[in-house]
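Just so it is clear, none of the values below were taken in a lab; they were calculated from the coordinates. Note that the structure is predicted; figures quoted are calculated from it, not measured. Note that each Cβ is placed from the backbone with ideal geometry, even for glycine, and that neighbours are counted across all protein chains shown.
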Amino acid sequence: MHFDLADLRLFIHIAESPSLTQGARRAFLSPAAASARVKALEGQLGSRLLYRDSRGVELTPAGQRLLQHARLIMRQVDYLKSEFTEYGTDAAGHIRIFANTTAVTEFLPEVLAGFLAARPGVTVDLQERLSRDIVRGVLDGAADLGIIAGPVEVSGLQVLHFSTDRLVLAVPLGHPLAGRGPLPLRDTLAYQHIGLHEGSTLLSFLREQVEKLGQSLALRIQVSSFEAVCRMIETGVGIGVIPESAALRHSRTMQLAIVELDEPWAVRERSMLVRDLEALPGSVRALIETLRSKGREL
């Protein structure tokens, strides 16, 4: 059985697009040519790979399995190319990262700025994802590196711890909860909260914890950053659960009180997820080492 790399890349484009036409366009092919190539793949595998209708395409179970293998194969091809570039083993390549909200907004921008400035040949695709999607993305080969907080229980991945993340409650000065000792989350639910945007990892995590208590999270407003959350809190709009690093930083310029949370999940280990550290190209390994060094300061 022989697979053409161009066909595998085309299949990935189609699977990640809403239609065969758009997938073909990404591969610089006509829809007819793309359709013929997919049919040839199906003939080789003896399995139908796509369901096609007026709404677009949907992967069959066999298509899902091929997509996982195709992503891994093309990732390894990209790794091979990056290892033999003129820039050297860690100074060129493309890195795709799936990360949680805190990583994307709090420390990755600073880390990546220095990392990329020193390596002109490296490009990065950074995407904010939910924890389950981060794990799945690394497993499937859709991402080279995942950054997550909290326990990770999955086989097939290497988990590299690099720092500790603590969640705290931020309230305005003079608030009834300001100055109190460690509080369980339940004691905060009588007040309106400021939350992050829909799809953020932290908001999804908090909702899960509140649902376990049989209650609901009263959100007064949702914003796009921890700075915006803190500004809302400072003016008395509500209270919010945010990472301690963000709370400490913004409390230097804003009128905020920080209250410790008495919850086992408030302290979370930050980890990097990879499939096989030794198989990664030099640029990804260099970024991992940079994050490990930065983790000592977080």
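Expressed to the nearest 5 percent, the antiparallel share of DSSP beta bridges inside the chain is 60 percent. Packing here is the average count of other Cβ atoms within 10 Å per residue, and on that basis the peptides 141-148, 129-136, highest first, run 141-148, 129-136.
Residues Tyr191, Tyr51, arranged from fewest to most other Cβ atoms within 10 angstrom of their Cβ, appear as Tyr51, Tyr191. Mean separation of Cα pairs under 8 Å and 6 or more residues apart, divided by the residue count, gives the chain a relative contact order of 21 percent.
The 3J(HN,Hα) values that the Karplus relation (6.51, -1.76, 1.60; θ = phi - 60°) gives for the stretch 273-279 are, in residue order, 10, 9, 7, 8, 4, 5, 7 Hz. Gly and Pro appear as x. Rounded to the nearest 10 degrees, the angle from helix 201-212 to the longest Cα principal axis of the chain is 60 degrees.
Applied to the stretch 57-69, the Karplus parametrisation 6.51 cos²θ - 1.76 cosθ + 1.60 on θ = phi - 60° returns per-residue 3J(HN,Hα) values of 10, 9, 6, 7, x, 5, x, 4, 5, 5, 4, 4, 5 Hz, with x for Gly and Pro. Using Cα positions and a limit of under 22 Å, work out the lysines in reach of Lys39, with same-chain residues fewer than 8 apart set aside. Counting by Cα, and skipping residues close in sequence, Lys39 has no lysines nearby. Taking springs between alpha-carbon atoms closer than 10 angstrom, which of Leu167, Leu29, Leu49 fluctuates most in the Gaussian network model of the chain? Largest GNM mean-square fluctuation: Leu29. Listed by chain and number, the aspartates and glutamates whose C-alpha is less than 17 Å from the C-alpha of Lys294, apart from same-chain residues fewer than 8 away, are Glu106, Glu110, Asp165, Glu244, Glu269.
What's the exposure ranking of Val259, Val159, going from fewest to most Cβ atoms within 10 Å? Show your work: numbers first, answer last.
Numbers: Val259 22, Val159 15.
Listed from fewest to most nearby Cβ atoms, that is Val159, Val259.
Go through 277-290, 226-239, 171-184 and give me the packing order, highest mean Cβ count within 10 Å leading. Intermediate values should be presented prior to the final figure.
Numbers: 277-290: 18.2, 226-239: 19.9, 171-184: 14.6.
The peptides rank, most packed first, as 226-239, 277-290, 171-184.
Around the amide H of Glu269, modelled in the peptide plane, lie the amide H atoms of Gly150, Asp165, all under 5 Å away and 5 or more residues distant in sequence or on another chain.
The length gained on full extension between Gln127 and Glu278, counted as 0.36 nm times the residue separation minus their Cα-Cα distance, comes to 52.0 nm.
Karplus-derived 3J(HN,Hα) values for the stretch 179-192, using 6.51 cos²θ - 1.76 cosθ + 1.60 with θ = phi - 60°, are x, 7, x, x, 10, x, 4, 4, 6, 9, 6, 6, 10, 6 Hz; glycine and proline are entered as x. Arranged from fewest to most other beta-carbon atoms within 10 Å of their beta carbon, Phe28, Phe107, Phe115, Phe3 become Phe28, Phe3, Phe115, Phe107.
The modelled label-to-label distance for the pair Ile258/Tyr51, using points 7 Å beyond Cα in the direction of Cβ, is 5.1 nm.
Using the Kirkwood formula over every pair of different C-alpha atoms, what hydrodynamic radius in Å results for the chain?
21.5 Å
Between Ala257 and Val171, Leu173, the built amide H atoms are under 5 Å apart, and every one of these is 5 or more places off in sequence or on another chain.
Charge dipole of the chain (Cα centre as origin; +1 on each Lys and Arg Cβ, -1 on each Asp and Glu Cβ, all else neutral): 520 debye, rounded to the nearest 20.
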